[in-house]
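The values are calculated or read from the model by the stated rules, or taken from the named source; none is laboratory data. Keep in mind that this is a model prediction, so the values were computed, not measured. Positions of Cβ are generated from backbone atoms using ideal geometry, with glycine treated the same way; all protein chains shown enter the neighbour counts.
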Amino acid sequence: MADETTRLSQELSDLSWQTVLFIRWMLSSLLDAAFLAFWVLIQWTVDQYVIRRFDLSGVDKYVYLVAQVLFAVSTLAPILFYIVGDIAIMWIRTKRTIQQEREKPRIVEVRSQE
């Protein structure tokens with residue numbers, strides 16, 4: 001009876017830990033997606049409401065295009081680094097959990113056939 005209670009308590013503890021981990025990962029993913037969506041919104045807003053008001057042609061159009069690409073890359077890079085870092089952390093923790101699970105001693109129950 002005590003062994004069953006201990007095992008059940010351990011399973012509930014594992015389940016609560018997995019639930020907390022899942023919630024953390026979901027919130028992290030939503031935050032990453034929000035950063036990316038905010039970046040896209042800023043790029044679109046500046047293009048639609050600021051730049052479109054100027055009639056750019058010739059060299060001005062090409063200078064604007066180069067500046068736009070450089071600005072996009074320089075502002076998107078930190079967001080992508082953050083997202084890649086989150087994915088790497090999730091990957092490492094998952095591998096560690098799998099390794100710990102493999103290293104756990106297995107209890108084999110032998111039942112007599114009486």
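Figures for the structure shown
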read-out	value
Residues being outside any helix (DSSP H, G or I) and over 27 Å from residue 80 (Cβ atoms) - total across region 47-67	5
Candidate set from region 1-59 (those that are modelled with pLDDT of 80 or more and basic (Lys, Arg)); member that is nearest to the chain's Cα centre (by Cα)	24
Residue within region 28-46 that is more than 26 Å from residue 93 (Cβ to Cβ), polar (S, T, N, Q), outside any helix (DSSP H, G or I) and without any contact (Cβ under 8 Å) to a residue 12 or more places away in the chain present	no
Residue that is surrounded by the fewest Cβ atoms within 10 Å (Cβ to Cβ) [pool: residues in region 75-103 that are in contact (Cβ under 8 Å) with a residue 24 or more places away in the chain and β-branched (Val, Ile, Thr)]	75
